[in-house]
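Taking it in order: structure first as structure tokens, then the write-up.
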Amino acid sequence: MSKPIKLFRHPLSGHAHRVELFLSLLNVSTELVFVDLAKGAHKSAEFLAMNPFGQVPVIDDNGVVLSDSNAILVYLAKKYDTSGQWLPKEPLAGAQVQYWLSIAAGPIASGPATARLITVFGAPYDAASIIARTHALLKVIEQELASRPYLTGNLPTLADVASYTYIAHAPEGNVSLADYPQVRAWLARVEALPGFVPMQRIAVGLQSA
């Protein structure tokens, strides 16, 4: 019997939550390992041996150590998703998922994820420009979701797993989702998936009211 996959994470990290969520959706046995970012545990020699960039998440799958949330999602899909739904092998469908993984690493990271860094962790960014950037992104996603229930089609994929968390928690970064009914409906569909687990919410930004 293989041991549970160890997931090194912080409960307020959206990148770590992506992995926790996908492991739960796959019903893969997981051991959550708390990394105390406030005390610099992610910069310890032990942690840097797993990820030289000193960032969560990291997984240890019975000796296979891997970092970067999107890379981990791809690995888990290829190894544990026997259905092929989450990362399709068909060239176009697979490329469409990769497109959204790039969006997650680009506009989502620099938009809602960064807006939340300001309020949750006190990051020194210009809030107004980040919030404006996030709304520009949400307008595009709203249009995309007008024609389909999930980001790439009729079924959820890694595109939805990678994109969900920071958009769902955008109000913590003072980004309102009120004007995006398609986005809110999509979030609800993801939250209704069997095995869904939420990320801890925190009373900052619009959530502090």
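Can you name every residue in region 1-41 that is of a type outside the set (A, V, I, L, M), surrounded by fewer than 16 Cβ atoms within 10 Å (Cβ to Cβ) and in a helix (DSSP H, G or I)? Break it down into steps so the answer makes sense when it comes.
Taking region 1-41 as the starting set, the residues that turn out to be of a type outside the set (A, V, I, L, M) are 2-4, 6, 8-11, 13-15, 17-18, 20, 22, 24, 27, 29-31, 34, 36, 39-40.
Okay, now just the ones that are also surrounded by fewer than 16 Cβ atoms within 10 Å (Cβ to Cβ), so 2-4, 11, 24, 27, 29, 31, 34, 36, 39-40.
Residues satisfying the conditions are SER24, LYS39.
Specify the residue that is surrounded by the fewest Cβ atoms within 10 Å (Cβ to Cβ); the eligible residues are those in region 42-55 that are more than 21 Å from the chain's Cα centre (by Cα) and of a type in the set (A, V, I, L, M).
ALA45
Looking only at region 1-28, which residues are touching a residue at least 60 places away in the same chain (Cβ under 8 Å) and among the charged types (D, E, K, R)?
ARG18, GLU20
For the list (1) charged (D, E, K, R); (2) within 26 Å of LEU87 (Cα to Cα); (3) out of contact with any strand residue (DSSP E or B) (no Cβ under 8 Å at 6 or more places or on another chain), I need the number of the one condition that ASP36 fails.
Going through (1) charged (D, E, K, R); (2) within 26 Å of LEU87 (Cα to Cα); (3) out of contact with any strand residue (DSSP E or B) (no Cβ under 8 Å at 6 or more places or on another chain) one by one, ASP36 breaks only (2).
Please tell me if ASN154 is touching a Ser or Thr at 6+ places or on another chain (Cβ under 8 Å) and of a type in the set (S, T, N, Q). Can you show your working first?
Working: touching a Ser or Thr at 6+ places or on another chain (Cβ under 8 Å): no; of a type in the set (S, T, N, Q): yes.
No.
Suppose the filter is surrounded by 13 or more Cβ atoms within 10 Å (Cβ to Cβ), under 14 Å from the mean Cα position of the chain (by Cα) and under 29 Å from VAL140 (Cβ atoms); does VAL58 pass it? Reasoning before the result, please.
Working: surrounded by 13 or more Cβ atoms within 10 Å (Cβ to Cβ): yes; under 14 Å from the mean Cα position of the chain (by Cα): yes; under 29 Å from VAL140 (Cβ atoms): no.
So VAL58 does not fit the description; no.
Among residues belonging to region 186-209 that are part of a helix (DSSP H, G or I) and open to solvent by less than 40 Å² (accessible area, probe 1.4 Å), point out the one that is nearest to GLY111 (Cα to Cα). Don't jump to the end; show me each part of the working.
Within region 186-209, the subset part of a helix (DSSP H, G or I) is 186-191, 205-208.
Imposing the further condition that a residue be open to solvent by less than 40 Å² (accessible area, probe 1.4 Å) reduces the set to 186-187, 190, 205.
Details: TRP186: 19, LEU187: 17, VAL190: 20, GLY205: 15 Å.
Ranking the candidates gives GLY205 first.
Considering only residues that are out of contact with any Leu (no Cβ under 7 Å at 6 or more places or on another chain) and among the small types (Gly, Ala, Ser), which ones fall in region 43-61?
Passing the criteria: SER44, ALA45, ALA49.
Among the residues of region 46-61, how many are free of Cβ contacts under 8 Å to residues at least 12 places away in the same chain and either in a helix (DSSP H, G or I) or more than 24 Å from GLY106 (Cα to Cα) (or both)?
Of all residues in region 46-61, those free of Cβ contacts under 8 Å to residues at least 12 places away in the same chain come to 46, 48-49, 52.
From the residues that got through so far, the ones that are either in a helix (DSSP H, G or I) or more than 24 Å from GLY106 (Cα to Cα) (or both) too are 46, 48-49.
So the answer is 3.
Just a yes or no: is a residue in region 170-182 open to solvent by 20 Å² or more (accessible area, probe 1.4 Å), in a loop (DSSP other than H, G, I, E, B) and acidic (Asp, Glu)?
Taking every residue of region 170-182 in turn, at least one turns out to be open to solvent by 20 Å² or more (accessible area, probe 1.4 Å), in a loop (DSSP other than H, G, I, E, B) and acidic (Asp, Glu).
Is there a residue being touching a residue at least 40 places away in the same chain (Cβ under 8 Å) and closer than 24 Å to TYR166 by Cα anywhere in region 29-45?
First, pick out the residues of region 29-45 that are touching a residue at least 40 places away in the same chain (Cβ under 8 Å): none.
No, there is no match, as no residue in region 29-45 is touching a residue at least 40 places away in the same chain (Cβ under 8 Å) and closer than 24 Å to TYR166 by Cα.
The values are calculated or read from the model by the stated rules, or taken from the named source; none is laboratory data. Note that the structure is a prediction, hence the values are computed from the model and not measured. When we count neighbours, we look across all protein chains shown, and the Cβ atoms used for this are built from the backbone with ideal geometry, even at glycine. Note: areas computed on protein heavy atoms with side chains; ligands, DNA, RNA excluded. Shrake-Rupley method; radii C 1.70, N 1.55, O 1.52, S 1.80 Å.
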